Amino acid sequence: MGVEEGSLLKPFLRGGLWLLLGCVGCLPSMEELGVLDSDGDGLTDSEEAELGTDPMREDTDSDGFSDAEEVAENTDPNNAHDMPYAGGWAIDACREDVESTGYEVGDIAENFALVDQFGDTVELHDFCNRVVLLKGAADT
Amino acid sequence: MRTAPEVQALYEEYGDQGFLPISLMTTANMSTWASTYRLEHPVLDDTGFSVISRYVDGSIGMPNLTLLAPGLKIRWRDRHSISASDIESILADFD
């Protein structure tokens with residue numbers, strides 16, 4: 001009785017298949033690798049967990065800007081009242097770290113919040129990394 | 001530098017280097033004014049003088065200028081003019 005060609009290998013091949021199928025369950029998932037982005041907003045689910053945003057919603061606070069856009073623009077993706085300016089002026093990351101001291105020369109200027117020409121409320125401390133010229137003006 | 005178009009011109013020239021003028025309007029026609037002069041920098045409603053009055057010694061003369069360095073440190077205040085060389089100088093300090 002002859003031995004069929006390759007028959008000796010079959011048990012090993014079959015075992016290898018089972019080993020391979022078993023390993024699929026052993027591989028780290030996308031979520032475990034930290035690369036899963038369930039809502040496709042550009043932030044991974046693990047990043048959203050750190051930010052406290054909803055990994056299933058592209059725009060957690062429903063203010064019209066995606067969570068990723070808000071992170072890039074240094075605004076709070078969990079606060080619908082904090083969003084990039086319609087005027088397009090960039091907001092500096094240091095905005096939360098400014099420690100005001102007063103209004104005299106050498107002081108760190110106190111913050112203020114006033115409405116701009118587009119209806120947004122603009123805060124001085126948002127421009128903490130800029131050279132700022134405040135111009136009090138009447139109509140000239 | 002005194003007028004709105006001059007401020008806008010400075011913003012267009014130095015804005016991408018970190019210079020940002022903010023106009024604090026003390027009259028009620030802020031939006032019209034910004035539109036008329038095509039102002040792209042922030043024009044804010046300060047009709048109550050709540051902000052500008054903090055930077056003035058004595059009576060308010062317009063325009064009233066205050067310059068803040070990066071970090072919002074007050075470099076000088078209560079002046080009535082600024083030149084391009086003033087801006088270039090402070091930008092160079094923080095380049």
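Brief remarks on what is shown
- Ranked by how many other Cβ atoms sit within 10 Å of their own Cβ, fewest first, the residues B:SER53, B:SER81, B:SER59 fall in the order B:SER59, B:SER81, B:SER53.
- Between the amide H of A:VAL122 and those of A:LEU114, A:VAL115, A:ASP116, distances stay under 5 Å, these residues lying 5 or more places away or on another chain, with hydrogens modeled in the peptide plane.
- When A:GLU58, B:GLU40 are arranged by Cβ crowding within 10 Å, least crowded first, meaning fewest neighbours, the order is B:GLU40, A:GLU58.
- Exposure proxy ranking, count of Cβ atoms within 10 Å, fewest first, for B:THR27, A:THR44: B:THR27, A:THR44
- Think of each Lys and Arg Cβ as +1 and each Asp and Glu Cβ as -1; about the Cα centre, that makes the dipole of the stretch A:87-127 roughly 140 debye.
- Taken about its Cα centre, chain B carries a charge dipole of roughly 360 debye when the Cβ of each Lys and Arg holds +1 and the Cβ of each Asp and Glu holds -1.
- Residue-wise HN-Hα coupling along the stretch A:107-114, computed from phi with Karplus coefficients 6.51, -1.76, 1.60 (Hz; x: Gly, Pro): 6, 8, 4, 5, 6, 8, 9, 9
- Restricting the stretch B:20-95 to trypsin sites (Lys or Arg not before Pro) that sit in a DSSP loop and have at most 12 other Cβ atoms within 10 Å of their own Cβ leaves B:ARG38.
- Between the stretch A:94-118 and the stretch B:16-95, the Cα center-to-center distance that results, in Å: 13
- Amide hydrogen proximity for B:LEU44: with H placed 1.01 Å from N in the peptide plane, the residues at 5 or more positions away or on another chain lying under 5 Å are B:SER23, B:LEU24, B:MET25.
- Between B:LEU20 and A:VAL131, A:VAL132, A:LEU133, the built amide H atoms are under 5 Å apart, and every one of these is 5 or more places off in sequence or on another chain.
- Exercise: per-residue mean of other protein chain Cβ atoms within 10 Å, A:98-106: 4
- Ranking B:PHE49, B:MET30, B:MET62 by how far each Cα lies toward the positive end of the dipole of chain B (charges on Cβ) leaves B:PHE49 at the top.
- Other protein chain C-beta atoms within 10 Å of residue C-beta, averaged over B:57-68: 4.
- In order along the stretch A:38-50, the phi-based Karplus estimate (6.51 cos²θ - 1.76 cosθ + 1.60, θ = phi - 60°) of 3J(HN,Hα) comes to 4, 9, x, 8, x, 10, 6, 4, 5, 5, 5, 4, 5 Hz; Gly and Pro are listed as x.
Taken together, the values in this text are just the output of simple stated rules run on the coordinates, not laboratory data. Keep in mind that what you see is a predicted model, and the values were worked out from it rather than measured. Every residue, glycine as well, gets a Cβ built from its backbone with ideal geometry; the counts of neighbours run over all protein chains shown.
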